[in-house]
1. Which is within 16 Å of ligand 3 (Cβ to nearest atom) and either of a type outside the set (Val, Ile, Thr) or in contact (Cβ under 8 Å) with a residue 40 or more places away in the chain (or both), of 281, 286, 251?
2. Suppose we filter 30, 68 for residues that are in contact with a Gly (Cβ under 6 Å, 6 or more places away or on another chain), outside any strand (DSSP E or B) and in the same structural domain as residue 219 (by TED's automatic domain parsing); which single one remains?
3. Any residue at all in region 255-262 that is modelled with pLDDT of 95 or more, in the same structural domain as residue 16 (by TED's automatic domain parsing), crowded, with 19+ Cβ neighbours inside 10 Å and more than 17 Å from the chain's Cα centre (by Cα)?
4. Condition check: within 14 Å of ligand 1 (Cβ to nearest atom) and out of contact with any Asp or Glu (no Cβ under 6 Å at 6 or more places or on another chain). Does residue 310 satisfy that?
5. For residues that are assigned to a strand (DSSP E or B), near ligand 1 (Cβ under 10 Å from one of its atoms) and surrounded by fewer than 18 Cβ atoms within 10 Å (Cβ to Cβ), tally how many sit in region 337-371.
6. Would you tally the residues in region 84-108 being over 21 Å from residue 130 (Cα atoms) and within 25 Å of the chain's Cα centre (by Cα)?
7. Just for region 25-61: of the residues that are among the hydrophobic types (A, V, I, L, M, F, W, C) and in contact with a Pro (Cβ under 8 Å, 6 or more places away or on another chain), which one is farthest from residue 168 (Cα to Cα)?
8. Looking at 317, 298, 380, which is the one that is touching a helix residue (DSSP H, G or I) at 6+ places or on another chain (Cβ under 8 Å) and farther than 25 Å from residue 193 by Cβ?
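The values are calculated or read from the model by the stated rules, or taken from the named source; none is laboratory data. Here the structure is a predicted model, which means the values were calculated and not measured. Note that each Cβ is placed from the backbone with ideal geometry, even for glycine, and that neighbours are counted across all protein chains shown.
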Amino acid sequence: MELKISDSVRYLGVDDRQLDLFENQYPVLGGVSYNSYLILDEKVALMDTVDVRATAAWEEKLAAALGGRKPDYLILSHLEPDHAGSLGRLLELYPEVVLVGNAKTFAMLPQFFDVDLKDRALTVKEGDTLELGSHTLTFYMAPMVHWPEVMVTYESSENILFSADGFGKFGALETEEPWEEEARRYYFNIVGKYGAPVQGLLKKAAGLDIQTICPLHGPVLRENLAHYIGLYDTWSSYRPEEKGVLIACASIYGNTWKAVEELAEMLREGGEEKVDLCDLSHEDVSYAVAKAFRYDRLIVAASSYDGGVFPCMQEFLLHLQSKMYQNRTVGMVENGSWGPTAARAMKALLEPMKNITFLEPVVTIRSTLNEESRSALRQLADACVRG
Ligand SMILES: Cc1cc2nc3c(=O)[nH]c(=O)nc-3n(C[C@H](O)[C@H](O)[C@H](O)COP(=O)(O)O)c2cc1C
Ligand SMILES: [Fe+2]
Ligand SMILES: [Fe+2]
């Protein structure tokens, strides 16, 4: 099926439902889409290519949409292989196409492709425009909205923002699911460290009349854009999205897990409406990272392990650290049979993060809950509900 954005703007993206790990790391149970677009005017502009995994299907869509014409320009908003991967094939098919990128794009491109850029590269900078006929493209640099060479393109006759990875989502295009969950997981795991550059891009976008957002992954957004832009503002400023508690648990034998199930119940009894429990041994860390950013409070609960903390908790906290987790309230539960060490190890990982408020008490369980540790757990639940 050919998806039309408008008479002149066509969707050439391809769903990849076979991929199990995006960037060899993030499970994509619903697949992922590599989006590419074509603008047909007096001049024809192709907006990005697709991952090499999808070249054949994309090439077919491209030929059909071109209807015998040739692309004049390829706009390279991002060189990451999931988007620029099919550039080599494009140049075989259409050797005269002019590549449009910025100075950083063309500095990096030879690392991926052995291409003679002479007479083929059009270098643009902030605010430059490219006339296609009745369509005009304006380029805005968005460094580190994933990679340093990223730029977005605004088409002013149809008010379309081609937003690169911004506003992207995991999941093949036809996956029936709410946008927020998988867009949040995509955002925090892929771009999370770069909140400040995303804020910079949002400021530029605020000056544009945007009616359609065409991202490089996931659905084209046409309605309710203030909602999506608002979420991006919240996420990139590291503000919690809502009140709620994520309890992230790393338990070897299951006793810490039993304790956090009780803790979750105590929180609910205390009036907490959103309490999310996550078993770090079984749930991929990317889901836990997204939930941690979603809520204003986090409780980490873990078994002690070799004088430190059970590794899946260590990994979770390292991910949070690298994604600039901050501005949250955090409680800790540790378990140990001879010398509990998990809380100390978790605190060491949390301490470098900005603006973390620690809840008291830190609960220490010795193997299984007893009267004393259960009472400490209740105090932690009370402090969490208050805080
Ligand atoms: C490889 C390994 C290393 C451990 N290291 C420690 C330790 O350093 N200190 C400690 O008190 N307990 C240690 N333990 C024991 C567990 O942390 C303890 O039994 C805890 O109660 C397990 O809680 P759980 O039932 O939630 O897994 C270790 C267990 C294993 C398997
Ligand atoms: Fe990217
Ligand atoms: Fe991407």
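1. Testing whether each residue is within 16 Å of ligand 3 (Cβ to nearest atom) and either of a type outside the set (Val, Ile, Thr) or in contact (Cβ under 8 Å) with a residue 40 or more places away in the chain (or both) leaves just 286.
2. On the way: 68 fails: in contact with a Gly (Cβ under 6 Å, 6 or more places away or on another chain).
Going through 30, 68 in turn, the sole match is 30.
3. Quick first cut of region 255-262, residues modelled with pLDDT of 95 or more only: 255-262.
Now drop any that are not in the same structural domain as residue 16 (by TED's automatic domain parsing), which leaves none.
Within region 255-262, not a single residue is modelled with pLDDT of 95 or more, in the same structural domain as residue 16 (by TED's automatic domain parsing), crowded, with 19+ Cβ neighbours inside 10 Å and more than 17 Å from the chain's Cα centre (by Cα).
4. Values: within 14 Å of ligand 1 (Cβ to nearest atom): yes; out of contact with any Asp or Glu (no Cβ under 6 Å at 6 or more places or on another chain): yes.
For residue 310, the condition - within 14 Å of ligand 1 (Cβ to nearest atom) and out of contact with any Asp or Glu (no Cβ under 6 Å at 6 or more places or on another chain) - is met.
5. Initial filter on region 337-371 (assigned to a strand (DSSP E or B)): 356-358, 363-366, 368.
Keeping just the survivors that are near ligand 1 (Cβ under 10 Å from one of its atoms) gives 364-366, 368.
Retained after the next criterion (residues that are surrounded by fewer than 18 Cβ atoms within 10 Å (Cβ to Cβ)): 364, 366, 368.
Matching residues across region 337-371 total 3.
6. Number of matching residues: 3.
7. Start the filter on region 25-61 by keeping residues that are among the hydrophobic types (A, V, I, L, M, F, W, C), which leaves 28-29, 32, 38-40, 44-47, 50, 52, 54, 56-58.
From the residues that got through so far, the ones that are in contact with a Pro (Cβ under 8 Å, 6 or more places away or on another chain) too are 38, 44-46, 52.
Values: 38: 18, 44: 24, 45: 21, 46: 19, 52: 19 Å.
Of everything passing the filter in region 25-61, 44 is farthest from residue 168 (Cα to Cα).
8. Values: 317 fails: farther than 25 Å from residue 193 by Cβ; 298 fails: farther than 25 Å from residue 193 by Cβ.
None of the other options fit; the residue is 380.
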